[in-house]
Amino acid sequence: MSPRRALVTGASSGLGREMARQLAARGFRVAATGRRERELTETARLVQAAGGECLALVGSVSDAAAVAAHLREVQDRFGGLDWLILNAGIGDGVDARRFGAERYHEVFATNVGGAVNWLAAVLPGMIEAGHGTVAGISSLAAWRGLPGAGAYCASKAALATLLESTRVDLRGTGVRVVTVFPGFIRNRGVPTDADRGKPFLLDLEDGVRRILDGIQSGRAVVHFPWPLSWPMRHVVRHLPALAFDWLMARAAPRG
């Protein structure tokens, strides 16, 4: 059997880089996209060190023309894709008291627009082939609007809803759609100050392993770690506004 072929967006660092490396270790041929050429070259080196083949594709997911050109390179090199992992994403960390439309547009252009561009490029070929897996990396933050993270939470919620609608539309086509809701994952191999105060924080390697195992499992929705994801999904997500606002006031008090 020929090796499976996967493309990971946002693979120049963090989760995307580690996903590319672990996919190679699992026997995939890997295409990796990212905006930063030097960092993407390092991703390719790590993929090759893991025994895999890497096609490094420099460009932004928010650029539809670049996405189309990248897909042509993938088709020329690999002949198609079996997995598409929509990982590219950026955060915001801006309080609504300092609301800025430009930042919201930037976050949505990457976190949602980038996914739309790749779905538009890849889905016709997968549907025609009658098989394929599309996985999108959302977040537990998609389930409520958290303080200081309006653009990030809203964009991840939009991505999750987009993938859910796509999943039900594609029933019977042979194309699987998986939505992943991870909790906190360390974005680097070593602890940093940014990791402080994050409950149930997972090491990068462990978090990515859970993502890939979840995609492989055949489940439509993957969420973890359960001590955080279960209460978020089944309790916090359904709190009435008054109770949620009270909880957030204590979790993130105003100065």
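The values are calculated or read from the model by the stated rules, or taken from the named source; none is laboratory data. In this text, all values refer to a predicted model and were calculated from it rather than measured experimentally. All Cβ positions, glycine included, derive from the backbone under ideal geometry; neighbour counts span all protein chains shown. When the accessible area is computed, the model is the full protein with side chains, heavy atoms only, and any ligands, DNA or RNA have been set aside. Shrake-Rupley method; radii C 1.70, N 1.55, O 1.52, S 1.80 Å.
Examine the stretch 105-124 for a residue that is open to solvent by 40 Å² or more (accessible area, probe 1.4 Å) and either modelled with pLDDT under 95 or of a type in the set (Ser, Thr, Tyr) (or both), and state whether such a residue exists.
Looking for residues that are open to solvent by 40 Å² or more (accessible area, probe 1.4 Å) and either modelled with pLDDT under 95 or of a type in the set (Ser, Thr, Tyr) (or both), one finds none in the stretch 105-124, hence no.
Looking only at the stretch 125-147, how many residues end up being part of a loop (DSSP other than H, G, I, E, B) and open to solvent by less than 30 Å² (accessible area, probe 1.4 Å)?
Number satisfying all stated conditions: 2.
Taking the stated definitions as given, is residue 181 in a loop (DSSP other than H, G, I, E, B) and within 22 Å of residue 145 (Cβ to Cβ)?
no
Only one of 169, 195 is at pLDDT 95 or above and either open to solvent by less than 50 Å² (accessible area, probe 1.4 Å) or farther than 22 Å from residue 88 by Cβ (or both). Can you tell me which?
Every option except 169 fails the conditions.
Going through the stretch 26-80 one residue at a time, which ones are of a type in the set (Val, Ile, Thr) and over 17 Å from residue 2 (Cα atoms)?
Within the stretch 26-80, 33, 41, 43, 47, 58, 61, 67 meet the criteria.
Can you confirm whether residue 194 is in a helix (DSSP H, G or I) and more than 16 Å from the chain's Cα centre (by Cα)?
Yes, satisfied.
I need every pair where a residue in the stretch 140-153 that is over 18 Å from residue 100 (Cβ atoms) has its Cβ under 6 Å from the Cβ of a residue that is in a helix (DSSP H, G or I) and basic (Lys, Arg), sequence separation at least 6 or different chains.
141/156; 142/156; 143/237
So which residues in the stretch 94-138 are under 18 Å from the mean Cα position of the chain (by Cα) and at positive phi, if there are any at all?
The one that is under 18 Å from the mean Cα position of the chain (by Cα) and at positive phi: 132.
Does the stretch 33-67 hold any residues that are exposed (fewer than 14 other Cβ atoms within 10 Å of the Cβ) and either on the phi > 0 side of the Ramachandran plot or not basic (Lys, Arg) (or both), and which are they?
37, 49, 51, 65
From the list 183, 148, 174, pick out the single residue that is at pLDDT 95 or above and on the phi > 0 side of the Ramachandran plot.
Exactly one of 183, 148, 174 is at pLDDT 95 or above and on the phi > 0 side of the Ramachandran plot, namely 174.
Filter the stretch 172-185 down to residues that are out of contact with any Gly (no Cβ under 8 Å at 6 or more places or on another chain), open to solvent by 20 Å² or more (accessible area, probe 1.4 Å) and of a type in the set (A, V, I, L, M, F, W, C), then give me how many there are.
Result for the stretch 172-185: 1.
Go through (1) of a type outside the set (Asp, Glu); (2) free of Cβ contacts under 8 Å to residues at least 40 places away in the same chain; (3) out of contact with any helix residue (DSSP H, G or I) (no Cβ under 6 Å at 6 or more places or on another chain); (4) not in a helix (DSSP H, G or I) and name the single condition residue 227 misses.
(4)
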